[in-house]
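Structure first, then comments.
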Amino acid sequence: MMTLKIIAILLGLAILVMAFIAAENKKLVVSIIAAGAVSLFASVLYLVLEAPDVAMTEAAIGSGLSTIIFFYVLNKIKKERKDHA
Amino acid sequence: MEQIDLSHIAITAGILLILTGLWAILTQKNILKMIIGFSLFDTGIHIIMVGVGYVKGKTAPILDEAVNLERAAREVVDPLPQAMVLTAIVIGLGITALMLAYALRLYQKKNTLDVKKFNDLKW
Amino acid sequence: MLKKVFVLAVLAVFALLLFRSFGWTDAGTELNEVATRYAEDGPQEVGAANLVTAVIVTYRGLDTLGEVTILFLTASIIGFFLATGRKGEHVPPTVRNTSEILQTASRVITPVIFLIGIYVFINGHLTPGGGFQGGAIVASGLVLMLLANPGRKVSHSLISAVESISGISFVLLGILGIILASGFLDNSILGYGRFGTLFSAGAIPVIYIFVGLKVGSELSGIVSNLQQTTKEDI
């Protein structure tokens, strides 16, 4: 029977693994997606900690808009690098 | 398992996330990787703040059929850290967007994202 | 090599400080005094069923004013920093057409997303939600529209007009609270109604509608600025 503590421990481990991938990987695309995954697992952790408002805000802003802004800037940089080369 | 509580788990995860973000800021050369590290640092601080406000065995601070109105103060977790964290998440997004705009302008001027090549202000 | 040792030393000092200050504090079994006062007198004084909304809009209303100011500052700095070409000249971007599925699906889903966003910030005082969440959802709807149709011209004047009017209305409602009731952003300028229905909690729904529109238009402005920036002549 899964108590909430076991779910919280699993979420904490998932957050740390994804954060390590985001900080260490050489490719930028993998890093950005791993940062979005950290935000997603943190949102579920907020729900386990009885904070539904914070969970909704983190899911909409951290995992949605932040990742999209990163990809827009990365796309612009790649397009300019192709124009120059 | 009786001594470890939900708030202990949340605070430990938050502290390790802060250390990971700080490590990414200190050792990476790419500017975009530094900005990702800052975002991880921010998320770690928010997890600690929500974890501090947790009260053992109570429920979410919304008064509807699940929470009796008279004894509300004995059945909800602390609503104040949640309000602070809500504000902090939105401001964190604004700061990240601002840093990305600066990074884009820096790339357009010097055509590189390596932070070691920007030594105009070095003595 | 020396740099790695230095970085590890800094991290160790930080870890020691953090563990000392938060450490192994046990979760309490009772609320502290401030939270008890908010939870006990909140429904009578404010009339909102969502205690977090009551804290954000009335008890700590000045912090919300500060946050709205910071968001406005951020959006205007980004708009100033990323040039979008001279006025009146819209360079059509050379992109290929997006797929048929994306265009058709976005025409169906985008109105639903806007509707969900508006529902979330109108019902902020009854269920989890509020102005910031609803604004973020509305901005996500705009991002879907931009993704399906990259050459679409987003009118910046409309976004600035919505944002300015919402910001001014928010401050005017706060000043009305000073004139008619007991303080800034007091919500007893409108009647309280029955606890738990849509038209309750005084002026909180009206305040949150303006906050939601302002946050949504600001985030949409940031995203569209990042998408449409061109390389200025250096």
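The values are calculated or read from the model by the stated rules, or taken from the named source; none is laboratory data. Keep in mind that this is a model prediction, so the values were computed, not measured. As a convention, Cβ positions derive from the backbone with ideal geometry for all residues, glycine included, and neighbour counts pool all protein chains shown. Protein only, heavy atoms only, side chains kept; ligands, DNA and RNA dropped before computing areas. Shrake-Rupley method; radii C 1.70, N 1.55, O 1.52, S 1.80 Å.
Provide, for q = 0.14 Å⁻¹, the log10 of I(q)/I(0) from a solvent-free Debye sum over equal Cα point scatterers in chain C.
One equal scatterer on each Cα of chain C leads to -0.98.
Where Rh denotes the Kirkwood radius from the mean inverse Cα pair distance, what is Rg over Rh for region A:1-65? Before the final figure, lay out each step's value.
Working: Rg = 12.6 Å, Rh = 12.2 Å.
Reported Rg/Rh (Cα atoms, Kirkwood Rh): 1.03.
Counting only protein heavy atoms and a 1.4 Å probe, tell me what percentage of region B:9-66's accessible area is made up of carbon and sulfur.
Working: 1200 of 1880 Å².
The value for region B:9-66 is 64 percent carbon and sulfur by accessible area.
Would you mind finding the longest exposed-site-free stretch of chain C, with exposed GluC sites (Glu not before Pro) meaning DSSP loop and at most 12 other Cβ atoms within 10 Å?
Between the exposed loop sites, the longest stretch runs C:90-231.
Which one, B:Asn119, B:Gly94, B:Gly14, is farthest towards the positive end of the dipole of chain B when Lys and Arg carry +1 and Asp and Glu -1 on their Cβ?
So the residue furthest toward the plus end is B:Asn119.
Roughly to the nearest percent, how much of the accessible area of chain C is carbon and sulfur, given a 1.4 Å probe? Numbers along the way, then the final one.
Working: 8740 of 12800 Å².
So the carbon and sulfur contribution to the accessible surface is 68 percent.
So what are the ³J(HN,Hα) numbers for region A:34-48, from phi and the Karplus equation (6.51, -1.76, 1.60; θ = phi - 60°), rounded to whole Hz, Gly and Pro as x?
Taking θ as phi minus 60°, the curve returns 5, 5, x, 5, 4, 5, 5, 5, 5, 5, 5, 5, 4, 5, 5 Hz for region A:34-48.
I need the helices of chain B that pass two filters: whole DSSP H segments spanning 15 Å or more by Cα along the axis, and mean Kyte-Doolittle score no lower than 1.6. Don't jump to the answer; show the numbers that get you there.
Values: long enough: B:6-27 (32 Å, 1.95); B:31-52 (32 Å, 1.78); B:79-110 (47 Å, 1.06).
What comes out of the filter, once short or polar helices are dropped, is B:6-27, B:31-52.
Kindly compute the accessible surface that chains A and C hide from a 1.4 Å probe when together, both sides summed, and give it to the nearest 100 Å². Write down the numbers at each step before the final one.
Details: alone 6630 and 15580 Å², together 20780 Å².
Roughly 1400 Å² of accessible surface disappears when A and C pair.
Beyond 24 Å, what share of the Cα-Cα pairs of chain B remains, rounded to the nearest whole percent? Provide the component values of the computation, followed by the final result.
Working: 3567 of 7503 pairs.
The proportion of pairs with Cα distances above 24 Å equals 48 percent.
Using Cα pairs under 8 angstrom and six or more residues apart, how large is the relative contact order of region C:100-210, in percent?
On the way: 120 pairs, mean separation 27.1, N = 111.
Value for region C:100-210: 24 percent.
For the interface of B with A, what's the total buried accessible surface in square angstrom, probe 1.4 angstrom, rounded to the nearest hundred?
On the way: alone 9410 and 6630 Å², together 12140 Å².
Approximately 3900 Å² gets buried when B meets A.
Name the most mobile residue of B:Gln82, B:Gln28, B:Gln108, meaning the one with the largest mean-square fluctuation, in a Gaussian network model of chain B with Cα contacts below 10 Å.
Comparing B:Gln82, B:Gln28, B:Gln108 in the GNM, the peak value goes to B:Gln108.
To the nearest 0.05, how large is the calculated FRET efficiency for A:Lys78 and C:Leu158 if R₀ is 45 Å and r is the Cβ-Cβ distance? Write out the running numbers ahead of the final one.
Values: r = 30 Å, r/R0 = 0.67.
Calculated value: 0.90.
Would you mind working out the accessible area per residue for chain B, using a 1.4 Å probe, and quoting it in Å²?
Per residue, chain B has an accessible area of 43 Å².
Return the residues of region A:35-61 for which accessible area with all protein chains present is lower than in the chain on its own by 50 Å² or more; set the probe to 1.4 Å and exclude ligands, DNA and RNA.
Residues shielded by partner chains are A:Tyr46, A:Leu49, A:Glu50, A:Pro52, A:Asp53, A:Val54, A:Met56, A:Thr57, A:Ile61.
If you count only protein heavy atoms with a 1.4 Å probe, what accessible area per residue comes out for chain A, rounded to a whole Å²? The partial results should precede the final answer.
On the way: 3990 Å² over 85 residues.
Ligands and nucleic acids excluded, the result is 47 Å² per residue.
On average, how much accessible surface per residue is there in chain C, in Å², for a 1.4 Å probe, leaving out ligands, DNA and RNA?
Values: 12800 Å² over 234 residues.
Normalised by residue count, the accessible surface of chain C is 55 Å².
Hey, rough spin-label estimate for C:Ile77 and C:Phe199, points 7 angstrom out along Cα→Cβ, what's it come to in nanometres?
Here the modelled spin labels are 4.4 nm apart.
Given R₀ = 41 Å, FRET efficiency for B:Lys122-C:Gln103 by Cβ-Cβ distance, to 0.05? Please list the in-between numbers first.
Values: r = 50 Å, r/R0 = 1.22.
Approximately 0.25, to the nearest 0.05.
Percent relative contact order of chain A, based on C-alpha pairs within less than 8 angstrom and at least six residues apart?
Details: 64 pairs, mean separation 20.7, N = 85.
Rounded, it is 24 percent for chain A.
Residue separation times 0.36 nm, minus the C-alpha to C-alpha distance between C:Gln44 and C:Asp63: what's the value?
Numbers: separation 19, 0.36 × 19 = 6.84 nm, distance 2.23 nm.
Working it through step by step, the gained length comes to 4.6 nm.
Could you give the length gained by full extension between B:Lys56 and B:Val115, i.e. 0.36 nm per residue of separation minus their alpha carbon distance, to one decimal place?
Working: separation 59, 0.36 × 59 = 21.24 nm, distance 4.63 nm.
Taking 0.36 nm per residue and subtracting the Cα distance, the gain is 16.6 nm.
Carbon and sulfur atoms: what percent of the 1.4 Å accessible area of chain A do they account for?
Details: 2910 of 3990 Å².
Ligands and nucleic acids excluded, carbon and sulfur give 73 percent.
So what is the relative contact order of region B:1-117, in percent, for Cα pairs below 8 Å that sit 6 or more residues apart?
Working: 118 pairs, mean separation 31.9, N = 117.
Once divided by the residue count of region B:1-117, the mean separation gives 27 percent.
Per the Kirkwood definition applied to all pairs of different Cα atoms, how many angstroms is the hydrodynamic radius of region C:173-232? Provide the component values of the computation, followed by the final result.
Values: mean 1/r = 0.0726 Å⁻¹.
Evaluated over region C:173-232, this radius sits at 13.8 Å.
Applying 1/(1 + (r/R0)^6) with R0 = 30 Å to the Cβ-Cβ distance of C:Ala9 and A:Glu24, what FRET efficiency is obtained, to the nearest 0.05? Don't skip to the answer; put the middle values down first.
On the way: r = 20 Å, r/R0 = 0.68.
According to the calculation, E is roughly 0.90.
Tell me: how much accessible area in total is hidden between B and C, 1.4 Å probe, Å², nearest 100? Could you put the intermediate results ahead of the total?
Details: alone 9410 and 15580 Å², together 20470 Å².
Rounded to the nearest hundred, the buried surface is 4500 Å².
Taking H as built 1.01 Å from N, whose amide H comes closer than 5 Å to the amide H of B:Val76, not counting residues under 5 places away?
Amide H neighbours of B:Val76, under 5 Å, 5+ apart: B:Thr59.
Taking each residue of B:44-52 in turn, how many C-beta atoms of other protein chains fall within 10 Å of its C-beta, and what is the average? Can you show the working numbers first?
Values: counts 5, 0, 6, 8, 3, 1, 9, 7, 4.
Neighbouring Cβ atoms belonging to other protein chains average 5 per residue here.
Mark the label point 7 Å from the Cα of A:Phe71 along Cα→Cβ and return the residues of region A:9-36 whose backbone N is within less than 15 Å of it.
Those under the cut-off are A:28-36.
With just the Cα atoms of the protein assembly as shown, tell me how far they stretch along each of the three principal axes, in Å, largest first.
Computed over the Cα atoms, the extents are 70, 55, 48 Å.
Using the Cα centre as the reference, give the magnitude of the dipole from point charges on the C-beta atoms of chain C (Lys, Arg: +1; Asp, Glu: -1; all else neutral), rounded to the nearest 20 debye.
Values: 14 positive and 15 negative charges, 192 e Å.
Dipole magnitude for chain C comes out near 920 debye.
Given springs between every Cα pair under 10 Å in a Gaussian network model of chain C, which of C:Val223, C:Val34, C:Val211 has the largest fluctuation?
Evaluated over chain C, the most mobile residue of the options is C:Val34.
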